[in-house]
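Presented below is the structure to which this report refers.
The values are calculated or read from the model by the stated rules, or taken from the named source; none is laboratory data. These numbers come from a predicted model, not from an experiment. Because the Cβ atoms are built from the backbone with ideal geometry, glycine has one as well, and the counts that use them run over all protein chains shown. Surface accessibility is based on the protein's heavy atoms, side chains included, excluding ligands, DNA and RNA. Shrake-Rupley method; radii C 1.70, N 1.55, O 1.52, S 1.80 Å.
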Amino acid sequence: MVNRTFTKPAIVTGFPDFWAEKIPNALIVPESEVLDLKPQAHDLVIHALSLNWANDPVGQMVQCQRALVPDGFFIAALFGGQTLAGLRTALAEAESQITGGLSPRVLPMGEIRDLGGLLQRAGFALPVADSSMRNVTYADMFALMRDVRAMGEGNALASRNHAPASRRMFERAAEIYAAQNPAEDGRVLAQFELMFLSG
């Protein structure tokens, strides 16, 4: 959709094999606190599905912005605030019913208006924030949770309750989830909000 040809791309990602196959000439760097990007060395920087894990997302964007040549293009894809809202709700309701308490179990994610402001703070011109919802069906809530875990998107919140939750709590959450997020053929629906930031 961007009517330009890029010759010096860089990609920040935790999935190097995928990107090396798609864009063989790209410099691929891991998602670390200090990105291995040289100043003004790239005409394109892609931050691929890891910005929501950064301790300092603005710092990550500033580093990407400094790595761009004048008029270079930055794009980030990350999960947004509506991702897994149904799972968050079902787990919270089940835990409050079973234990009388509540512990965060799904990583909070940024909202579009907040993320757009981060682009400006990082010094990008022509900042654009957009989102797209993706609906995915699963056999049940447990299949969804296995998939989320396999994606590396488990709960890394320091403030979460580290004691294992009871089987009864998860069974109740699965009942709530199925009732609130039905799909066809007895499956359940999960929503993933993909956010795209560019500048």
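Quick notes on this one:
- Residue-averaged [θ]222 nm for the chain, counting only DSSP H segments that reach four residues, each worth -39500 (n - 2.57): -10000 deg cm²/dmol
- The relative contact order of the chain, computed from alpha carbon pairs under 8 Å that lie at least 6 residues apart in sequence, is 24 percent.
- Angle in degrees between helix 112-121 and the longest Cα principal axis of the chain, rounded to the nearest 10: 30
- Charge-dipole axis of the chain as Lys and Arg at +1 and Asp and Glu at -1 on Cβ define it, positive-most pick from LEU35, VAL136, ALA150: LEU35
- Split the accessible area of the range 1-64 by element, probe 1.4 Å, and carbon with sulfur accounts for 56%.
- Sites ARG168 and ALA85, calculated FRET efficiency, Cβ-Cβ separation with R0 22 Å, nearest 0.05: 0.40
- Cα long-axis angle, helix 57-67 against the chain (0 to 90 degrees, to the nearest 10): 20
- Compared with the dominant Cα axis of the chain, that is its longest principal axis, helix 141-150 is turned about 30°.
- Antiparallel content of DSSP bridges confined to the chain, in %, to 5: 55
- Given [x] 28.2; [y] 12.5; [z] 14.6, the label whose value is mean projected area of the Cα convex hull in nm² derived from this model: [y]
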